[in-house]
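One structure is given below, encoded as structure tokens.
The values are calculated or read from the model by the stated rules, or taken from the named source; none is laboratory data. What you see is a predicted model; the values in this text were computed from it and never measured. Cβ coordinates were reconstructed from backbone atoms using ideal geometry, including for glycine residues, and neighbour counts include every protein chain displayed. Surface accessibility is based on the protein's heavy atoms, side chains included, excluding ligands, DNA and RNA. Shrake-Rupley method; radii C 1.70, N 1.55, O 1.52, S 1.80 Å.
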Amino acid sequence: MTPYSLAFYVDAVRTGTVLGLRPSDSPGRVADMMGTDFAENRAGKRAMFRDYGLAEFHWQRAAAGDPWSGHHFSLQVHRLVHGDRTAPGEVLGARYGRFAPRLPFEKLRRLLDRRGVPLVEIPEPAANAPRFRTFWQPGSLTAVHFIGARDPHRAPGELRVGDVYRIEAPVTAQQVAWREERARGRGTGGR
């Protein structure tokens, strides 16, 4: 993994942005920065996301014809495991160079710790535990999801335990509180 792609991930978790793009930015602003090489997907007339390869940006609106409101972005790190050099997308690839097929969570966490950017573990929804684990950065409202345990029937086949699966923002304090409340209800003590 090149230092540049590591810098990209560290910056995304530290700032809760992708190339300075916030989760709340409009489709036009995202296209200005990320380009027009994307796949657009819609769920009815009120939800849309644009897939730029590694990065996805999601929007919602109250009704057809209303402007889109930014909802969240995600970095689909698991897509890199197949070694496709074009997977990061044109803009990220040009700016950061080669992205390794795997991003070890502990490596990312060490780099963030050195920069004073702490991550705290938050409970995983029952349907995802123990296959996945999630750590949250409260300042940037960013979550890092990684493979916590092997499950040959459900875990992504080529990823290893400890590999980052996805990074997303925002994950709000309310969402974290909801996860903690659900975990207490399951009797897990929030991990």
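Tabulated values for the structure
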| read-out | value |
| --- | --- |
| Residues that are surrounded by fewer than 21 Cβ atoms within 10 Å (Cβ to Cβ), part of a loop (DSSP other than H, G, I, E, B) and either modelled with pLDDT of 95 or more or touching a strand residue (DSSP E or B) at 6+ places or on another chain (Cβ under 8 Å) (or both), drawn from the range 155-171 | ALA155, PRO156, LEU159, ARG160, VAL161, GLY162, PRO170 |
| Among the residues listed as PRO118, PRO152, the single one being surrounded by fewer than 19 Cβ atoms within 10 Å (Cβ to Cβ), modelled with pLDDT of 95 or more and part of a loop (DSSP other than H, G, I, E, B) | PRO118 |
| Among residues of the range 102-115, those that are open to solvent by 10 Å² or more (accessible area, probe 1.4 Å) and touching a residue at least 40 places away in the same chain (Cβ under 8 Å), counted | 6 |
| Matching residues in the range 1-32 - criterion: being open to solvent by less than 40 Å² (accessible area, probe 1.4 Å) and hydroxyl-bearing (Ser, Thr, Tyr) | THR2, SER5, TYR9, THR17 |
| Hits in the range 11-32 (condition: within 15 Å of LEU54 (Cβ to Cβ) and in a helix (DSSP H, G or I)) | ASP11, ALA12, VAL13, VAL30 |
| Pick from the range 33-49, criterion touching a residue at least 40 places away in the same chain (Cβ under 8 Å) and outside any loop (DSSP other than H, G, I, E, B), ranking: surrounded by the most Cβ atoms within 10 Å (Cβ to Cβ) | MET34 |
